1. Among residues belonging to the stretch 127-152 that are under 15 Å from Arg79 (Cα atoms) and loosely packed, with under 11 Cβ neighbours inside 10 Å, point out the one that is modelled with the lowest pLDDT.
2. Which one of Tyr99, Tyr52, Tyr43 is at pLDDT 90 or above, aromatic (Phe, Trp, Tyr), out of contact with any Phe, Trp or Tyr (no Cβ under 8 Å at 6 or more places or on another chain) and within 30 Å of Thr18 (Cβ to Cβ)?
3. In the stretch 70-108, which residues are surrounded by fewer than 15 Cβ atoms within 10 Å (Cβ to Cβ), in a loop (DSSP other than H, G, I, E, B) and under 20 Å from the mean Cα position of the chain (by Cα)?
4. Name the pairs whose Cβ atoms lie under 7 Å apart, with the first residue in the stretch 107-119 and farther than 19 Å from Glu68 by Cα, the second of a type outside the set (Phe, Trp, Tyr) and modelled with pLDDT of 90 or more, and 6 or more positions between them or separate chains?
Amino acid sequence: MTGRGFSRLEDELRRLKTVDRPEIIRALAAAREMGDLSENAEYHAAKERQAYVEGRILELGDKLSRAEVIDVERLSGDRVTFGATVKLADEDTDKESVYQIVGTDESDIEAGLLSITSPLARALIGKSVGDSVDVTTPNGSRSFEIVELRYR
């Protein structure tokens, strides 16, 4: 993953531990004070939230401990690899779009962050400026030309 993606996961983990977890503990304590827990909706909701948060803390801890952080600014080359920012032109419509190829946990297509496991990213890997790639998407087959390649 990129350094930016790693930082986002670290921030989420920190928030879960320092903000969400204490809020849940307070909510559970308040729900216990109301008496009978078997019919206490607030207690059950807090327990469900606690299970989610604790699971997410474990998941993020595992991902962060196993993450390989790639410094995109140190990359260069004339072929598309992980971390590359690619400007594509749709060969049918000439519409241009820009994507950075990132790890699955940091992908956000609306922000131009394309998961390395996506069909488009897999088709782009190893290609150069001027190359054409064909990709099967949910909306059918599409062809793109690589207009620009940079590492930032």
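The values are calculated or read from the model by the stated rules, or taken from the named source; none is laboratory data. Keep in mind that what you see is a predicted model, and the values were worked out from it rather than measured. Because the Cβ atoms are built from the backbone with ideal geometry, glycine has one as well, and the counts that use them run over all protein chains shown.
1. First, pick out the residues of the stretch 127-152 that are under 15 Å from Arg79 (Cα atoms): 127-133, 145-152.
Those still in the list that are loosely packed, with under 11 Cβ neighbours inside 10 Å too: 130, 152.
Details: Gly130: 89, Arg152: 77.
By that ranking, first place goes to Arg152.
2. On the way: Tyr99 fails: within 30 Å of Thr18 (Cβ to Cβ); Tyr43 fails: at pLDDT 90 or above.
Result of the check over Tyr99, Tyr52, Tyr43: Tyr52.
3. Within the stretch 70-108, just Asp71 meets the criteria.
4. Filtered contacts from the stretch 107-119: Gly112/Val98; Gly112/Gln100; Pro119/Val135.
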